[in-house]
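K.L.:
Dumping the structure here so I can ask a few things about it.
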Amino acid sequence: MTHRAVSFINRRNLFLAAGFLAFAAAFVWLLATRGPLAPAGIEQAAVTRADLNPGVYGIGTVEAQRAYSVGPIQAGRLLRVMVDQGDRVEAGQVLAEIDPVDLRQRADAAVSAAARARQAAEAALAQVAEAESRTRLAQANLARYQALYRQNFVAKEMVDSRLHEAAAAEAALAASRANAAAAQREIGRAEAERQGVDQLRNSLRLLSPITGVVTTREAEPGTTVVAGQAVLRLADPAHLWVRARVDQARAQAIRVGQAADITMRSAPEMALPGKVARIELQSDAVTEERIVDVAFDPVPDRLYLGELAEVTLHLPGTRNALAVPRAAIGLRNDRSGVWQAVDGRARFKPVQLGVQTADRAQVVSGLAEGERVIVYSARQLDEGMRVREQQLMTR
Amino acid sequence: MINLAGRDIAHHLKSYLLTGLGLGLLIGVTLTMAGVYRGMVDDAKVLLRAVDADVWVVQQDTLGPFAEPSSVPDDLYRALLGLPGVAQAGNVAYLTMQVSHAGKSQRVMVAGFEPGKPGGPAFLVAGRPIARAHYEAVADAKTGLRVGDVVRIRRNDYTVVGLTRRMVSSNGDPMLFIPLKDAQEAQFLKDNDAIVEDRQRLTANPAINRPGQPGVLDAVQAIQTSSHKVNAVLLRLQPGADARAVAGAIARWQRFTAYTRDDMEEILVAKLIATAAKQIGLFLAILAVVSAAIVAFIIYTMTLGKIKEIAVLKLIGTRNRTIAAMIMQEALGLGVIGFFVGKFAATLWAPAFPKYVLLETGDAGRAFVLTLVVCALASVLAIRAALKIDPAEAIGG
């Protein structure tokens with residue numbers, strides 16, 4: 001009996017027992033931390049007070065507040081283009097000319113027509129003078145025959161004949177007067193036609209409507225352009241802004257005058273100051289974005305139209321508000337809330353949220369200051385899931 | 001009555017433990033293989049679980065958006081929201097592509113989603129959710145990206161603002177979540193050279209660039225570079241709404257194909273990874289059979305190695321039952337040691353695999369029972385051999 005006891009508690013058996021215990025411990029540890037039965041790792045944070053300054057982000061392009069397309073009012077061939085892209089132009093300056101083709105000849109013809117109309121008017125006046133003279137003669141003859149008839153020297157038939165002659169002469173006079181008036185009008189018409197051709201010649205010269213800069217030159221001499229097609233495009237460099245597109249879902253609090261940061265794609269490190277100049281009434285229905293025009297404040301020296309710009313609009317924030325990290329916000333059964341670790345188990349708590357920034361969200365109700373919420377979890381949380389606080393990522 | 005098995009094991013302890021260890025590693029490989037198979041199936045389902053959509057609306061007559069390409073208009077969701085029972089609708093776009101970070105490119109599945117609607121990452125392990133409408137990303141931790149890293153997708157740089165975990169495509173590629181509009185652009189936008197060449201081609205086409213109609217060319221070019229398509233619309237239903245009925249109504253009246261979550265799981269598991277899963281499954285079956293055979297051989301040869309001792313036992317009059325119990329106990333002990341070593345090893349090395357290895361408790365239980373059954377069967381063979389031993393061999397050898 002003593003022999004057996006000695007043989008049982010020898011060194012080898014002690015090693016064996018220790019090895020078995022170590023293996024068992026390692027096995028249990030492994031299953032509890034790495035295996036499928038392990039509780040989900042979480043990281044928590046406390047509900048704290050913070051100043052929240054929310055921003056809305058949009059992207060857009062640098063555009064001119066007003067862009068001008070200068071083109072002909074009727075089809076024609078370009079004769080000359082006097083300015084090039086980047087040139088500064090004054091209001092009223094001639095920018096380009098359209099080939100007049102036969103317009104000069106048409107102007108000459110109009111001048112000749114006007115002269116002819118004046119000569120025709122003079123002829124008509126002469127005809128009026130002749131008709132007046134005829135009328136006077138006929139009146140005199142009539143008076144004479146009426147006197148003779150009263151003394152019974154001539155027959156009634158003779159008097160009637162003179163009466164007719166006098167009436168006819170008067171009608172002829174009226175006709176010639178009307179002719180003269182028509183000839184006068186013809187002068188006016190021919191003059192107007194001549195002026196019209198002159199106007200047309202003027203319109204062939206394309207003038208600058210503003211003092212600004214040529215942004216594009218779209219046609220070269222010799223090109224045939226149709227009515228309304230732009231030959232040159234102009235913009236006022238003092239009035240450039242970013243036409244930014246902001247998701248309608250986040251656009252609610254945007255107001256004219258709010259400050260903004262504008263980051264050009266060419267200078268991603270540098271934010272230019274700006275402010276909301278206009279919120280367009282017409283939103284983009286397809287992309288569901290509101291269009292917000294953000295003016296530079298002040299306007300930088302060199303801007304390139306069409307450049308992509310990122311705009312961050314600064315919305316009114318709240319001070320000293322209860323806030324949780326935004327990563328803590330969860331959604332369950334269409335209700336937003338936070339997950340909390342209660343006695344090692346995950347519990348969902350609906351809360352009412354307020355202002356949200358990129359990092360933090362205001363808690364209007366549902367949580368008290370200092371309460372801890374689950375921010376990160378290694379698995380998708382579910383009600384009652386076992387959780388354990390641990391560091392999830394090495395930072 | 002002394003325990004013959006205990007004494008015998010104590011006598012050959014080192015070789016017994018080493019045999020158990022070897023068996024254990026073999027069982028560990030088998031368990032891992034089962035884990036690879038389970039992990040593959042789980043990869044296919046993980047996105048469905050995370051997205052938590054009740055109905056997937058895709059292009060008509062396609063198995064989209066994963067098994068087949070699918071494209072639906074991005075304003076379809078408005079019509080879907082009007083259907084009875086629909087609570088939430090979210091557009092999603094998925095594309096598998098290489099993204100580069102710090103000179104290294106890796107394969108990811110880019111998922112475009114609208115924040116606050118179905119389709120986004122369900123939880124984070126670091127950082128914050130996407131807050132801006134553009135150029136922010138949430139990456140799966142397996143990409144190796146960290147919060148603050150910048151990755152380039154097509155022509156834009158995206159800042160990683162948050163990390164999530166276990167968000168993979170059905171192929172096991174880690175996912176990168178970005179805002180939907182960016183994903184639409186990334187999906188349909190051509191590279192700059194192609195755009196310029198297309199413009200030149202259009203300009204040279206007299207049917208489009210007609211003299212006297214200067215606006216046509218611009219309009220055609222604008223159409224070519226804009227996209228209002230997404231790959232699928234995800235619906236969450238109101239509590240109590242019947243997903244199958246809603247899917248049926250969409251298929252019938254909207255003329256789009258709609259899948260319930262079960263349908264989608266069926267597509268992903270039974271169609272998309274069917275061949276690969278079968279391949280692994282068959283391999284697993286062979287590995288299990290081979291492992292069982294090896295276990296049986298080891299126990300059989302271990303018994304045959306003890307012919308002399310058994311003969312001596314017989315010589316001194318030990319009963320057959322006692323000898324059989326000894327062999328059976330040793331075999332089962334070997335199985336138990338092997339199983340625990342195997343389970344330990346598999347759990348230890350599973351996280352090191354590049355794709356997910358899911359070690360299910362049920363699989364472990366089945367493996368345990370199987371190991372013991374195989375050990376018992378093998379020991380029956382060994383017992384038959386042992387009982388035939390002539391006690392004379394004890395003296396003869």
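K.L.:
Nearest 20 debye, what's the magnitude of the dipole of region A:103-203 about its Cα centre given +1 on Lys and Arg Cβ and -1 on Asp and Glu Cβ?
P.N.:
It works out to roughly 100 debye.
K.L.:
Please compute the average number of Cβ atoms from other chains found within 10 Å of each residue's Cβ in peptide B:114-126.
P.N.:
Mean number of neighbouring Cβ atoms from other chains: 5.
K.L.:
Between region A:343-395 and region B:202-260, what's the alpha-carbon centroid distance in Å?
P.N.:
The distance from the Cα centre of region A:343-395 to that of region B:202-260 comes to 39 Å.
K.L.:
Still on this structure, please answer the following. Relative to the Cα centre, what is the charge dipole magnitude of region A:18-152, using +1 at the beta carbon of each Lys and Arg, -1 at the beta carbon of each Asp and Glu, and rounding to the nearest 20 debye?
P.N.:
940
K.L.:
If the only charges are +1 at each Lys and Arg Cβ and -1 at each Asp and Glu Cβ, what is the size of the charge dipole of region B:1-79 around the Cα centre, to the nearest 20 debye? Please list the in-between numbers first.
P.N.:
Numbers: 6 positive and 9 negative charges, 157 e Å.
It comes to approximately 760 debye.
K.L.:
Toward the positive end of the charge dipole of region A:103-203, about the Cα centre and with charges on Cβ (Lys, Arg +1; Asp, Glu -1), which of A:Ser133, A:Gln146, A:Ala110 goes farthest?
P.N.:
The residue sitting farthest along the positive end of the dipole is A:Ala110.
K.L.:
Further, regarding this structure: Hey, how much of the P(r) for chain B falls beyond 26 Å, as a percent of Cα pairs?
P.N.:
Summing the P(r) tail past 26 Å for chain B gives 66 percent.
K.L.:
Could you line up B:Trp253, B:Trp56 from fewest to most neighbouring Cβ atoms inside 10 Å?
P.N.:
Fewest-to-most ranking of B:Trp253, B:Trp56: B:Trp253, B:Trp56.
K.L.:
Can I ask one more? Put a dot 7 Å past each Cα toward the Cβ at A:Thr224 and B:Ala385; how far apart are the dots in nm?
P.N.:
10.3
K.L.:
Taking just the C-alpha trace of region A:239-323, give me its Rg and Dmax in Å.
P.N.:
Values for region A:239-323 (Cα only, Rg and Dmax): 13.6, 44 Å.
K.L.:
What is the Cα convex hull volume of region A:103-203 when expressed per residue in Å³?
P.N.:
Value for region A:103-203: 66 Å³ per residue.
K.L.:
Just tell me how shielded B:204-213 is by partners: mean number of partner chain Cβ atoms within 10 Å of each residue's Cβ, no decimals. Please report the intermediate quantities before stating the final value.
P.N.:
Details: counts 0, 0, 0, 0, 0, 0, 0, 4, 6, 2.
Per residue, the average neighbour count from other chains is 1.
K.L.:
Here's a follow-up. Using the Karplus curve 6.51 cos²θ - 1.76 cosθ + 1.60 with θ = phi - 60°, work out ³J(HN,Hα) for each residue of region A:15-29 in order, rounded to whole Hz, and write x for Gly and Pro.
P.N.:
Taking θ as phi minus 60°, the curve returns 4, 4, 5, 4, x, 4, 4, 4, 4, 4, 5, 4, 4, 5, 4 Hz for region A:15-29.
K.L.:
In which sequence would A:Phe15, A:Phe348, B:Phe188 go, from the one with the fewest C-beta neighbours within 10 Å to the one with the most?
P.N.:
On the way: A:Phe15 11, A:Phe348 19, B:Phe188 16.
Starting with the residue having the fewest Cβ neighbours, the order is A:Phe15, B:Phe188, A:Phe348.
K.L.:
Got a sec? Charge dipole of the protein assembly as shown, +1 on Cβ for Lys and Arg, -1 for Asp and Glu; which of A:Ala378, B:Gly120, B:Gln213 is way out at the positive end?
P.N.:
A:Ala378
K.L.:
In addition: Checking the table B:Lys117/B:Lys142; B:Lys45/B:Lys355; A:Lys275/B:Lys229; B:Lys142/B:Lys229; B:Lys271/B:Lys343 against a 22 Å threshold on Cα-Cα, which pairs fail?
P.N.:
B:Lys117/B:Lys142; A:Lys275/B:Lys229; B:Lys142/B:Lys229; B:Lys271/B:Lys343
K.L.:
Can you tell which of A:Val154, A:Val225, A:Val324 shows the greatest fluctuation in a Gaussian network model of chain A with Cα springs below 10 Å?
P.N.:
Ranking A:Val154, A:Val225, A:Val324 by mean-square fluctuation puts A:Val154 first.
K.L.:
If you don't mind, another one. Need one value for B:129-141: mean number of C-beta atoms belonging to other chains within 10 Å of its residues' C-beta atoms.
P.N.:
4
K.L.:
Between B:Asp218 and B:Arg252, what's the calculated FRET efficiency when r is the beta-carbon distance and R0 is 51 Å? Round to 0.05. Intermediate values should be presented prior to the final figure.
P.N.:
Numbers: r = 40 Å, r/R0 = 0.79.
According to the calculation, E is roughly 0.80.
K.L.:
Distance between the C-alpha centers of region B:1-72 and region B:312-373? Whole Å please.
P.N.:
Region B:1-72 and region B:312-373 have Cα centres spaced 18 Å from each other.
K.L.:
While we're here: Convert 4 °C to kelvin, take the viscosity as 1.567 mPa s, use the Kirkwood radius over C-alpha pairs of chain A as Rh, and evaluate the Stokes-Einstein diffusion coefficient in µm²/s, rounded to a whole number. Intermediate values should be presented prior to the final figure.
P.N.:
Values: Rh = 32.1 Å.
This corresponds to a translational diffusion coefficient of 40 µm²/s.
K.L.:
Right, something else. Lys/Arg Cβ at +1, Asp/Glu Cβ at -1, dipole of chain A taken about the Cα centre: which of A:Gln93, A:Ala260, A:Ser69 is farthest positive-ward?
P.N.:
Of the options given, the answer is A:Ala260.
K.L.:
Can you pull out the chymotrypsin sites (Phe, Trp or Tyr not before Pro) in region A:78-177 whose DSSP state is coil and whose Cβ has at most 11 other Cβ atoms within 10 Å? Intermediate values should be presented prior to the final figure.
P.N.:
On the way: sites: A:Tyr145, A:Tyr149, A:Phe153; in loops: A:Phe153.
Answer in residue order: A:Phe153.
K.L.:
So, in nm, how far is label B:Gln238 from label A:Met82 when the simple model puts each one 7 Å beyond its Cα toward the Cβ?
P.N.:
Result: 7.0 nm between the two label points.
K.L.:
Normalised radius of gyration for the protein assembly as shown, please: alpha carbon Rg relative to 2.2 N^0.38 Å, two decimal places.
P.N.:
So the Cα radius of gyration is 1.71 times the expected 2.2 N^0.38 Å.
K.L.:
What list do you get for A:Met158, B:Met175 if you sort them by fewest beta carbons within 10 Å?
P.N.:
Fewest-to-most ranking of A:Met158, B:Met175: A:Met158, B:Met175.
K.L.:
Right, next: Enter the angle in degrees (range 0 to 90, nearest 10) between the Cα long axis of helix A:103-150 and the first principal axis of the Cα atoms of chain A, meaning the one along which they spread out most.
P.N.:
So the helix axis and the longest Cα principal axis differ by about 40 degrees.
K.L.:
Right, something else. How do the peptides A:260-271, B:204-215 rank, highest first, by the average count of neighbouring beta carbon atoms within 10 Å per residue?
P.N.:
Details: A:260-271: 15.1, B:204-215: 11.5.
Top to bottom by mean Cβ count within 10 Å: A:260-271, B:204-215.
K.L.:
For A:Val355, list long-range residues whose amide hydrogen, built 1.01 Å from N in the peptide plane, is under 5 Å from its own amide hydrogen.
P.N.:
A:Gln362
Read-outs: derived from the displayed coordinates by stated rules, not from any lab. Just so you know, these numbers come straight off a predicted model, no measurement behind them. Neighbour counts are summed over all protein chains in view; Cβ atoms, including those assigned to glycine, are modelled from backbone coordinates with ideal geometry.
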